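Working notes, structure below.
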Amino acid sequence: ATATASAQDFPSKSIRAIVSFAPGGVVDTSTRIVTSKLQETLNWHFVVDNRPGANGFIGAAAAAKANPDGYTLLSAHTGELAVNPVMFKSMPYDENTFAPVIMLSDAPMLIVVNAGNTSINSIKDLVATAKAKPGAVNFGSPGTGSVNHMASEWFAAAAGAKMTHVPYKGGAPAVVAVATNDATFTVAGLPGVLPHLQGKRVKVLGITTAKRSPMVPDYPTAQEMGVPGVDASIWVGFFVPRGTPAAATSKLFNATAEVLKRADIKERLAVVGGAEATALAGQAFQARIASDLDRYRKVAAQVGIKPE
């Protein structure tokens, strides 16, 4: 009876949403858009807790240790659940640590070069340049093992071109490296690219998903430009520690799904994050994670990356 009453009262205090990345990125942006609307419409109180570092391990580890009562969410993206298990032997969580609640958004990554690079104006130009001088074309990423890194490796392997990886300390520095000509290109989410795009310091060659995005419809896909099979995106979703009461998880899912139907939220996710609202439910979300995990395992095997 006590448990039932507790579930009916949920939430009776603040809900902490742990974000494993710094403010301003894709994960943080999507999380704040959705939690702000939940707070506005339902009067639920959220605290967004940014815990950046170590490929998402710091934030995920904190969420893994939290009491499974529904009052701690992990807002995670493709990297923590579908890339880290491929890249690292030892992690502070595994496939049984978290239960997916709902996918909030799904966004393509942008393939970006310096705006003043007159010799590379398309994905075909980028591939041709890399093939003409194997290893001379380098790409920046937020760090080894990041989803951006793996998407770039996927792109290079599918193109049949040797390219050199240069890891930076975050997505923002990787885009800055392109804007200052320290890196030839990077693969990044729209939030990190937008200021440099508006400042005409970078230009977008295309996107990494199999189909054109309704959020950025003018950008061609890598597949359209002759690079077969590449289909990498950044999704963001809410997770709870395993053992969280089903009633609390259900309330979180239902409330969030309603918010994601709203036109204003769809527009904000599109404009700010270049993302599409999805509301993919737990079981279907789990299947998507498994599919992505399998694809990144194949990419790692193809390019010779072994877990560290």
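The values are calculated or read from the model by the stated rules, or taken from the named source; none is laboratory data. Being a predicted model, the structure only gives us computed values, none of them experimental. Reconstructed Cβ throughout: ideal geometry from the backbone, glycine too, with neighbour counts over all protein chains shown. SASA here: full protein model, heavy atoms, side chains in, ligands and nucleic acids out. Shrake-Rupley method; radii C 1.70, N 1.55, O 1.52, S 1.80 Å.
Report yes if some residue within region 48-55 is among the aliphatic types (A, V, I, L, M), at pLDDT 90 or above and in contact with an Asp or Glu (Cβ under 8 Å, 6 or more places away or on another chain); otherwise report no.
yes
Six or more apart or on different chains, Cβ under 9 Å: which pairs go from a residue in region 198-210 that's without any contact (Cβ under 8 Å) to a residue 60 or more places away in the chain to one that's among the aliphatic types (A, V, I, L, M) and not in a loop (DSSP other than H, G, I, E, B)? Could you list them?
Short answer, once both residue conditions are applied: G199/A179.
Looking at this structure, is A99 of a type in the set (A, V, I, L, M, F, W, C), assigned to a strand (DSSP E or B), modelled with pLDDT under 95 and under 22 Å from D28 (Cα atoms)?
The answer is no for A99.
Filtering region 253-269 down to residues that are in contact with a strand residue (DSSP E or B) (Cβ under 7 Å, 6 or more places away or on another chain) and in contact (Cβ under 8 Å) with a residue 40 or more places away in the chain, which residue is most open to solvent (accessible area, probe 1.4 Å)?
F253
Which of the residues spanning region 48-85 are charged (D, E, K, R), touching a helix residue (DSSP H, G or I) at 6+ places or on another chain (Cβ under 9 Å) and without any contact (Cβ under 8 Å) to a residue 40 or more places away in the chain? Break it down into steps so the answer makes sense when it comes.
The initial filter retains those residues of region 48-85 that are charged (D, E, K, R), namely 49, 51, 65, 69, 80.
Going one step further and asking which of them are touching a helix residue (DSSP H, G or I) at 6+ places or on another chain (Cβ under 9 Å), we end up with 49, 51, 69, 80.
Listed by number, the residues that qualify are D49, R51.
Checking G304 against (1) crowded, with 20+ Cβ neighbours inside 10 Å; (2) out of contact with any strand residue (DSSP E or B) (no Cβ under 7 Å at 6 or more places or on another chain); (3) on the phi > 0 side of the Ramachandran plot: exactly one of these is not met. Which one?
(1)
Of these, K211, K162, K251, K203, which one is basic (K, R) and under 17 Å from E276 (Cβ atoms)? Quick ask: steps written out before the conclusion?
Values: K162 fails: under 17 Å from E276 (Cβ atoms); K251 fails: under 17 Å from E276 (Cβ atoms); K203 fails: under 17 Å from E276 (Cβ atoms).
The conditions single out K211.
If a residue has to be hydrophobic (A, V, I, L, M, F, W, C) and farther than 22 Å from G116 by Cβ to count, how many in region 126-154 make the cut? Working first, answer last.
The initial filter retains those residues of region 126-154 that are hydrophobic (A, V, I, L, M, F, W, C), namely 126-128, 130, 132, 136-137, 139, 147, 150-151, 154.
Applying the additional criterion that residues be farther than 22 Å from G116 by Cβ yields 147, 150-151, 154.
Selection size over region 126-154: 4.
Report yes if some residue within region 15-25 is in a loop (DSSP other than H, G, I, E, B), out of contact with any strand residue (DSSP E or B) (no Cβ under 8 Å at 6 or more places or on another chain) and under 25 Å from A270 (Cα atoms); otherwise report no.
Checking region 15-25: at least one residue is in a loop (DSSP other than H, G, I, E, B), out of contact with any strand residue (DSSP E or B) (no Cβ under 8 Å at 6 or more places or on another chain) and under 25 Å from A270 (Cα atoms).
Please return the ranges of helices (runs of 4 or more DSSP H) entirely within region 134-198 where 2 or more residues are modelled with pLDDT of 95 or more and crowded, with 24+ Cβ neighbours inside 10 Å.
Per the criteria, 147-159, 171-179.
Find the residue count for region 270-308, including only residues that are at pLDDT below 95, in contact with a Ser or Thr (Cβ under 7 Å, 6 or more places away or on another chain) and in a helix (DSSP H, G or I).
Number of matching residues: 2.
Of the residues in region 17-43, how many are within 16 Å of I102 (Cα to Cα), at pLDDT 95 or above and either of a type in the set (A, V, I, L, M) or surrounded by fewer than 22 Cβ atoms within 10 Å (Cβ to Cβ) (or both)?
8
Out of everything in region 221-252 that is touching a Gly at 6+ places or on another chain (Cβ under 8 Å) and under 17 Å from D106 (Cα atoms), what residue ends up being surrounded by the most Cβ atoms within 10 Å (Cβ to Cβ)?
Step by step, filter region 221-252, then rank; the result is I234.
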